1. Given LYS33/LYS146; LYS16/LYS53; LYS16/LYS103; LYS55/LYS144; LYS106/LYS146, which pairs have Cα atoms separated by over 25 Å?
2. Leaving ligands, DNA and RNA out of it, work out the accessible area of GLU95 with a 1.4 Å probe and give it in Å² to the nearest 10.
3. Report the extension gain between ASN72 and GLN104 in nm, rounded to one decimal, defined as 0.36 nm multiplied by the number of residues separating them, less their alpha carbon distance.
4. Calculate, for the chain, the solvent-accessible area per residue in square angstrom, rolling a 1.4 angstrom probe over the heavy atoms of the protein chains.
5. Could you give the dipole magnitude of the chain about its Cα centre, charging the beta-carbon of Lys and Arg +1 and that of Asp and Glu -1, in debye to the nearest 20?
6. Could you please state how large a percent of the accessible area of the stretch 91-140 is carbon and sulfur, counting protein chains only and using a 1.4 Å probe?
7. Roughly speaking, what is the stretch gain from ASP64 to ASN87, that is 0.36 nm per residue apart minus the C-alpha to C-alpha distance, in nm to one decimal?
8. Along each principal axis of its Cα atoms, how long is the chain end to end? Whole angstroms, biggest number first, please.
Amino acid sequence: LEFLNTTMYWEVGGLKVNEQQSANVPVTTINNKAYYNHLYGTINAEFVVLNGKRKLNYIIPKSDAIVGAPANATYLVFTEKITIPNNWSYLNTEEGLVISNEKQEKIYLYSNPYSFDETGKKLRNNNTLMTVEAQGNTLTIATKVKTSWLLSTDRVFPITVDPTVTVYPDMSNINTGSAY
């Protein structure tokens, strides 16, 4: 189970400031996309289902959406809880968070997130990171975007924050081909 108890907050000195629970908004679906509009004020969430992947995009449409940032905030943080079966495990790797089943077979990869603005430059390591906290079989995944990058005068809105999940085995190239 994923996308549970979602929140957004500013991180200041390692502490949560101005934490918001996501609004209870209806989902709108169009083709392979699901939209949660106004999940956090004017900030939206967009799910895109692809072969072997599930993309979650947080869309920050205008600078007004983040105008209330505390002066000394380090990150804007989006969190979600996921629940894995009791006998499954997780491991933080260089690629991201790997979820394995009871046989230690990789099932999901929560890839390290990235963010980009309207100019389209995707930045993984410099401005966006992921942290994971575990409590039993419930994991809290935090996607953190550096406030200095968000508030830069160089930003061109909208901004997209993109954590993506890949399902293993990712054989989408094989499974999408034609067969005789």
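The values are calculated or read from the model by the stated rules, or taken from the named source; none is laboratory data. Being a predicted model, the structure only gives us computed values, none of them experimental. For neighbour counting, all protein chains shown are included, and Cβ atoms are generated from backbone atoms with ideal geometry for every residue, glycine included. Ligands, DNA and RNA are excluded from the accessible area calculation, which covers all protein heavy atoms including side chains. Shrake-Rupley method; radii C 1.70, N 1.55, O 1.52, S 1.80 Å.
1. Working: LYS33/LYS146 27 Å; LYS16/LYS53 30 Å; LYS16/LYS103 37 Å; LYS55/LYS144 16 Å; LYS106/LYS146 30 Å.
Violating the 25 Å limit, Cα to Cα: LYS33/LYS146; LYS16/LYS53; LYS16/LYS103; LYS106/LYS146.
2. Only protein atoms counted, so the area is about 110 Å².
3. Result for the pair: 7.3 nm of gain on full extension.
4. Heavy-atom accessible area per residue stands at 57 Å².
5. Once rounded to the nearest 20, the dipole reads 180 debye.
6. Working: 1310 of 3070 Å².
Its accessible area is 43 percent carbon and sulfur atoms.
7. Length gained between ASP64 and ASN87: 3.9 nm.
8. Its Cα atoms span 56, 39, 33 Å along the three principal axes.
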